[in-house]
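Engineer: Following this message is one structure expressed as structure tokens.
The values are calculated or read from the model by the stated rules, or taken from the named source; none is laboratory data. Just so you know, these numbers come straight off a predicted model, no measurement behind them. Note that each Cβ is placed from the backbone with ideal geometry, even for glycine, and that neighbours are counted across all protein chains shown. The protein model used for the area step is the full one, side chains on, heavy atoms only, and it has no ligands, DNA or RNA in it. Shrake-Rupley method; radii C 1.70, N 1.55, O 1.52, S 1.80 Å.
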Amino acid sequence: MRVLVFGLLIALLAVGGVTANDSAAGAAGIGDDYFPLLGNGGYDALHYTLVLEWDEDTNTLSGTVMMDATATQDLSTFNLDFLGFDISDLTVNGEPAAFERDGRELTIAPANLLAAGTDFTTAVTYSGVPGEGVPNYYDVFARGWTRYDGGVYVASEPNGSAYWYPVNDHPLDKATYTFEITVPQPYRVAANGLLTDTRETDETTTYIWETAHPVASYLVTVNVGDFMVEQNTTASGVPIRNYFPVDIFQQSVLTFSPTPKMIEFFSDTFGPYPFEAYGVVVADRNLGFALETQTLSLFGRNAALGGRSSEEVIAHELAHQWFGNSVSPAEWKDIWLNEGFATYAAALWFEHTSGAKSLDNYMRGIYLALSNPLSAWRFVAPGSPPKDDLFNYGVYVRGAWVLHALRLRVGDEAFFDILRAYYDRFQYGNAATPDFIAVAEEISGEELDTFFDGWLYAKIVPDVPELGLSATLPTPSGG
Ligand code: TRP
Ligand code: ZN
């Protein structure tokens, strides 16, 4: 019966069209300059409930994803971002709703108009293999749900969430999450937030995870694997749960052991740790990246080996919990507010543990690379990275230099006051580049437009008179 009714609706829509050209249609994008189709307009997502079952042999995901939201305008139609899968059922407030799909846009026409200010719930029931039938899926860097030999990891920055669940896929619309993920035994599931319950059948276990705080969609993660869990608590009481591959458990415990001290250090430096817990998940596979997935950063096996580079990336992903996850970018072009801050935070950790000389060497080393014509071309100016190269290394290292140069210019006291005020003001929300500049000017009492223009946008890296560094004057060695 439902199938029939549904078919009828689709037939009607084929004539009328879901994307009716009326003023009550929610926008297909949230307004990001770089990515006009990311996110959607007309509603505010509050909570997602992901009830999904994973089939190990085929990597098929199937189940229902619900979104509780508030309409911010009258809605005759609204969009979610979603790619691939077969949708077998779609309801709004429990009533079947018509829908159309076009690339990343899933356009939904609820049976009744949703009036501005009302809450509604959408439930999408679907099944399929992530990425199957999606054009250019293998060109995509962050694919969301990713199968590997030992299980699954999810990495989605900036726009991979739509490859595995229907979502308002932009950091401007954060929401809380409940995950109910069913996997075959003996796999375990590690996701954002806290594990609140498990349910077993003869062959499967369902893991229920809940987040206490809203999460940007690119920071959502679900990991399936044969993990061993380490539990711990920081001095100030932040619970830590780490998910490690069984065969490198001891080594991983050792490599990640500075984490509680890092949490204390960053809490003292930036403000209190923002979330209900922290920890990491190490996928049983080497990865060329790590990702700051909220409350549970994701690493590959290679990061568990130890040494300075492991320590740096461990500090970097942790620092993102403050800068990136609690204070999230308002638009993707503001990504230096994530990467420059996390890179500088890791340098601050080494300053803390190894002394001022260590920071000075690190920053001078970066400056050389940024100013030497043989290497400078590799690094974009951090304030306006190309759309297709958002995570260019210049966003990281010159982004870190923006902060170091600011510190040299306004002095340590004003600088750390600026960081704390910025974090305090924008925590659990979003910030854009002008927001940070405004805080810096307010706290320092200085006019900093020229300073930030040079560091964020100029092709050639500015001089640093405080350290005698210059990219435009010949160096004494005549280089
Ligand atoms: N934000 C990550 C970091 O800490 C880098 C990153 C960007 C990433 N996009 C990604 C990692 C996609 C994994 C997948 O620097
Ligand atoms: Zn980063």
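Engineer: Every residue in the stretch 112-139 that is touching a residue at least 60 places away in the same chain (Cβ under 8 Å), among the hydroxyl-bearing types (Ser, Thr, Tyr) and surrounded by fewer than 19 Cβ atoms within 10 Å (Cβ to Cβ), please.
Structural biologist: Hits for the stretch 112-139 are 125, 127.
Engineer: Next up: Any residue in the stretch 278-293 that is farther than 17 Å from residue 144 by Cα sitting within a Cβ distance under 8 Å of a residue that is among the aromatic types (Phe, Trp, Tyr) and not in a strand (DSSP E or B)? List the pairs, counting only those 6 or more apart or interchain.
Structural biologist: 280/256
Engineer: Go through the stretch 189-210 and give me each residue that's under 15 Å from residue 222 (Cβ atoms) and in a loop (DSSP other than H, G, I, E, B).
Structural biologist: 192, 193
Engineer: Determine, yes or no, whether residue 142 is within 27 Å of residue 70 (Cα to Cα), aliphatic (A, V, I, L, M) and assigned to a loop (DSSP other than H, G, I, E, B).
Structural biologist: No.
Engineer: One residue is enough: does the stretch 94-103 have a residue meeting the conditions open to solvent by less than 10 Å² (accessible area, probe 1.4 Å), over 21 Å from residue 54 (Cβ atoms) and outside any strand (DSSP E or B)?
Structural biologist: Yes: one or more hits.
Engineer: If we keep just the residues of the stretch 217-226 that are of a type outside the set (S, T, N, Q) and crowded, with 24+ Cβ neighbours inside 10 Å, which is farthest from residue 49 (Cα to Cα)?
Structural biologist: Looking at the filtered set, the residue picked out is 225.
Engineer: If the Cβ limit is 6 Å and pairs must be 6+ apart or interchain, which residue in the stretch 445-465 that is without any contact (Cβ under 8 Å) to a residue 60 or more places away in the chain and farther than 18 Å from residue 334 by Cβ pairs with which residue that is open to solvent by less than 80 Å² (accessible area, probe 1.4 Å) and outside any loop (DSSP other than H, G, I, E, B)?
Structural biologist: Close Cβ pairs (under 6 Å, with a partner that is open to solvent by less than 80 Å² (accessible area, probe 1.4 Å) and outside any loop (DSSP other than H, G, I, E, B)) amount to 462/454; 462/455.
Engineer: Okay, next question. Would you call residue 199 within 23 Å of the chain's Cα centre (by Cα), open to solvent by 50 Å² or more (accessible area, probe 1.4 Å) and farther than 30 Å from residue 430 by Cα?
Structural biologist: Values: within 23 Å of the chain's Cα centre (by Cα): no; open to solvent by 50 Å² or more (accessible area, probe 1.4 Å): yes; farther than 30 Å from residue 430 by Cα: yes.
Against the criterion (within 23 Å of the chain's Cα centre (by Cα), open to solvent by 50 Å² or more (accessible area, probe 1.4 Å) and farther than 30 Å from residue 430 by Cα), residue 199 does not qualify.
Engineer: For residue 84, indicate whether it is within 16 Å of ligand 1 (Cβ to nearest atom), within 20 Å of residue 60 (Cα to Cα) and assigned by TED's automatic domain parsing to the domain that holds residue 59.
Structural biologist: Taking the combined requirement at face value, the residue does not satisfy it.
Engineer: Do we have any residue at all in the stretch 140-148 that's within 16 Å of ligand 2 (Cβ to nearest atom) and surrounded by fewer than 23 Cβ atoms within 10 Å (Cβ to Cβ)? If you could, list the steps in order and put the result at the bottom.
Structural biologist: Of the stretch 140-148, the ones within 16 Å of ligand 2 (Cβ to nearest atom) are 141-142.
In the following step, the residues that additionally are surrounded by fewer than 23 Cβ atoms within 10 Å (Cβ to Cβ) were identified as 141-142.
Within the stretch 140-148, one or more residues are within 16 Å of ligand 2 (Cβ to nearest atom) and surrounded by fewer than 23 Cβ atoms within 10 Å (Cβ to Cβ).
Engineer: Name the single residue, out of those in the stretch 329-358 being under 20 Å from residue 31 (Cβ atoms) and among the aliphatic types (A, V, I, L, M), that is nearest to ligand 2 (Cβ to nearest atom).
Structural biologist: Per the stated criteria, the residue is 335.
Engineer: Limited to the stretch 215-234, what total is found for residues that are in a loop (DSSP other than H, G, I, E, B) and either at positive phi or touching an Asp or Glu at 6+ places or on another chain (Cβ under 9 Å) (or both)?
Structural biologist: 3
Engineer: Looking at the stretch 160-172, can you tell me whether even one residue there is over 24 Å from residue 276 (Cα atoms), among the aliphatic types (A, V, I, L, M), within 16 Å of ligand 1 (Cβ to nearest atom) and open to solvent by less than 60 Å² (accessible area, probe 1.4 Å)?
Structural biologist: Taking every residue of the stretch 160-172 in turn, at least one turns out to be over 24 Å from residue 276 (Cα atoms), among the aliphatic types (A, V, I, L, M), within 16 Å of ligand 1 (Cβ to nearest atom) and open to solvent by less than 60 Å² (accessible area, probe 1.4 Å).
Engineer: What are the pairs, 6+ residues apart or on separate chains, where a residue within the stretch 324-349 that is closer than 16 Å to residue 424 by Cα and at pLDDT 95 or above has its Cβ under 7 Å from a residue that is assigned to a helix (DSSP H, G or I) and within 9 Å of ligand 2 (Cβ to nearest atom)?
Structural biologist: Sorted first by the residue in the stretch 324-349, then by its partner, the pairs are 324/338; 324/342; 329/338; 338/320; 341/319.
Engineer: Are any of the residues in the stretch 244-258 outside the structural domain of residue 55 (by TED's automatic domain parsing), more than 20 Å from residue 299 (Cβ to Cβ) and not hydrophobic (A, V, I, L, M, F, W, C)?
Structural biologist: Of the residues in the stretch 244-258, the ones outside the structural domain of residue 55 (by TED's automatic domain parsing) are 244-258.
Filter once more, keeping what is more than 20 Å from residue 299 (Cβ to Cβ): none.
No; the residues of the stretch 244-258 include none that is outside the structural domain of residue 55 (by TED's automatic domain parsing), more than 20 Å from residue 299 (Cβ to Cβ) and not hydrophobic (A, V, I, L, M, F, W, C).
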